[in-house]
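The values are calculated or read from the model by the stated rules, or taken from the named source; none is laboratory data. Note that this is a predicted model, so its numbers are computed, not measured. Note that each Cβ is placed from the backbone with ideal geometry, even for glycine, and that neighbours are counted across all protein chains shown. Calculation scope for accessible area: heavy atoms of the full protein, side chains included, ligands and nucleic acids excluded. Shrake-Rupley method; radii C 1.70, N 1.55, O 1.52, S 1.80 Å.
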Amino acid sequence: MSANGSPTGKQPTATYESAFLKACRREPVPHTPVWFMRQAGRSLPEYHKVRQGIPMLDSCMRPDLVTEITLQPVRRHDVDAAIYFSDIVVPLKAIGVDLHIKPGVGPVVEKPIRTRADLAQLRDLTPEDVWYVTEAIGLLTAELGATPLIGFAGAPFTLASYLVEGGPSRTYENAKAMMYGDPELWADLLDRLAAITGAFLRVQIEAGVSAVQLFDSWAGALAPADYVRSVMPASAKVFQAVAEYGVPRIHFGVGTGELLKLMGEAGADVVGVDWRVPLDEAVRRIGPGKALQGNLDPTVLFAGTEVVETKTREVLDAAAGLEGHVFNLGHGVMPATDPDALTRLVEYVHTQTAR
């Protein structure tokens, strides 16, 4: 898509006119579009079957496997967009950072970044580093036809937290200690990560994705003033790096109710909202000019069809006055979720919002 939002050779008219992209652009839609974070994998038995015996990061680097896993929820659930199957640490692995994904734990970094010398781990990312991403997106767009493909990356703060902590954390004590205690080193770390992340998203857009989502999964640990001073500039650089393409840019974090307006101001066209803030309240916080994405609590899917429909109706009612709404969960699909519950949910949203 060109910078003025018109379709190009990489964005077929059928994709450009999809309900998902129309909602992202805040245009009238035939129905509220639906997709789910972590829809590719997690709860699907066919996913576990094809991934059997293959480590997570290895599976992210096999175009044939990425293609199959990305397509599985589109086939099963009839969602309005596919999300590229990958992991937020893939670009870090691609530039040589010594890390692995430990089952049941998450990304583990062998040599955490704690000093200026440690920044040497972070060289620039080139398209050749992630050739498998370009190849997989080519395969996917050929298969998906009119269904948009969403690319994604981890935001600089969330990536920095993994790199500084050495793995998942609930307190972010090392990352915050650097942020507060050595703001120059922190800023340089986030700048490098912003360049890597921007380059990674550019590769995906050049290959043919229709939209991109920036996951700042851990940003909810920040006070607004700290976000503005120490994080928002780097996120803004990522969004600016892809602005020329004109594809919708989605920004999502968990526990970010106090940051929603700022996350929009960082450069997002669509602001993802978790389940803690109703969408009608979220739009008051964010202000006009942004589409919203969300925000059914993922655990509701364990409560039975009647409850799911009731809670979904509440989300749709709260979204009734929005300029643009993409229905999603307030976080990712949980592994034990019944896939049939997701299929029914998509059908319910489509039926209830048909115009």
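The lone criterion from (1) open to solvent by less than 10 Å² (accessible area, probe 1.4 Å); (2) closer than 24 Å to Ala219 by Cα left unmet by Leu342 is number (2).
Going by the conditions given, is Glu323 open to solvent by 60 Å² or more (accessible area, probe 1.4 Å) and more than 21 Å from Ala82 (Cα to Cα)? Lay out the reasoning, then the answer.
Values: open to solvent by 60 Å² or more (accessible area, probe 1.4 Å): yes; more than 21 Å from Ala82 (Cα to Cα): yes.
The answer is yes for Glu323.
Being closer than 16 Å to Phe152 by Cβ and either open to solvent by less than 10 Å² (accessible area, probe 1.4 Å) or assigned to a loop (DSSP other than H, G, I, E, B) (or both) is the filter here, so list the residues in segment 239-252 that pass it. Steps first, please.
Within segment 239-252, the first condition is being closer than 16 Å to Phe152 by Cβ, and the residues that meet it are 239, 241-242, 245, 247-252.
Across segment 239-252, the qualifying residues are Phe239, Val242, Val247, Pro248, Ile250, His251, Phe252.
Close contacts from segment 183-200, counting a first residue that is within 12 Å of Ala155 (Cα to Cα) and free of Cβ contacts under 8 Å to residues at least 40 places away in the same chain and a second that is outside any helix (DSSP H, G or I) and among the hydroxyl-bearing types (Ser, Thr, Tyr), with Cβ to Cβ under 6 Å and a gap of 6+ residues or different chains, come to none at all.
Set side by side, the residues Ile101, Ile150, Ile113 differ, and just one is in contact with a Phe, Trp or Tyr (Cβ under 8 Å, 6 or more places away or on another chain), within 24 Å of Leu193 (Cα to Cα) and open to solvent by less than 80 Å² (accessible area, probe 1.4 Å), which is Ile150. Just one residue in the set Gly255, Gly264, Gly289 is of a type in the set (Gly, Ala, Ser) and either assigned to a helix (DSSP H, G or I) or buried (at least 23 other Cβ atoms within 10 Å of the Cβ) (or both); that residue is Gly264.
Residues that are open to solvent by 20 Å² or more (accessible area, probe 1.4 Å) and assigned to a loop (DSSP other than H, G, I, E, B) within segment 268-286 comprise Asp269, Trp275, Arg276, Pro278, listed in sequence order. Pairs meeting the criteria (first residue in segment 202-224 and part of a helix (DSSP H, G or I), second residue open to solvent by 10 Å² or more (accessible area, probe 1.4 Å) and modelled with pLDDT of 95 or more, beta carbons under 6 Å, at least 6 apart or on different chains) are Val203/Pro127; Ile205/Tyr245; Ala207/Thr134; Gly220/Val254; Gly220/Gly255; Ala221/Tyr172; Pro224/Glu258.
Which helices (runs of 4 or more DSSP H) does segment 8-82 wholly contain that include 2 or more residues that are β-branched (Val, Ile, Thr)? Even if it seems obvious, please write down each step before you answer.
Details: elements: 13-16, 19-24, 45-51, 56-60, 63-77.
Because the criterion is at least 2 residues that are β-branched (Val, Ile, Thr), the helices (runs of 4 or more DSSP H) in segment 8-82 that meet it are 13-16, 63-77.
Considering only segment 215-222, I want to know if a residue exists there that is acidic (Asp, Glu), open to solvent by 10 Å² or more (accessible area, probe 1.4 Å) and out of contact with any Lys or Arg (no Cβ under 9 Å at 6 or more places or on another chain).
From segment 215-222, those acidic (Asp, Glu) are 216; that's our starting set.
Those still in the list that are open to solvent by 10 Å² or more (accessible area, probe 1.4 Å) too: none.
Scanning segment 215-222 turns up no residue that is acidic (Asp, Glu), open to solvent by 10 Å² or more (accessible area, probe 1.4 Å) and out of contact with any Lys or Arg (no Cβ under 9 Å at 6 or more places or on another chain).
What residue, of Asp124, Asp64, Asp80, Asp87, is in contact (Cβ under 8 Å) with a residue 24 or more places away in the chain, surrounded by fewer than 18 Cβ atoms within 10 Å (Cβ to Cβ) and within 22 Å of Ile250 (Cα to Cα)? Before you say what the answer is, go through the steps one by one.
Details: Asp124 fails: within 22 Å of Ile250 (Cα to Cα); Asp64 fails: within 22 Å of Ile250 (Cα to Cα); Asp80 fails: surrounded by fewer than 18 Cβ atoms within 10 Å (Cβ to Cβ).
Matching residue, one of Asp124, Asp64, Asp80, Asp87: Asp87.
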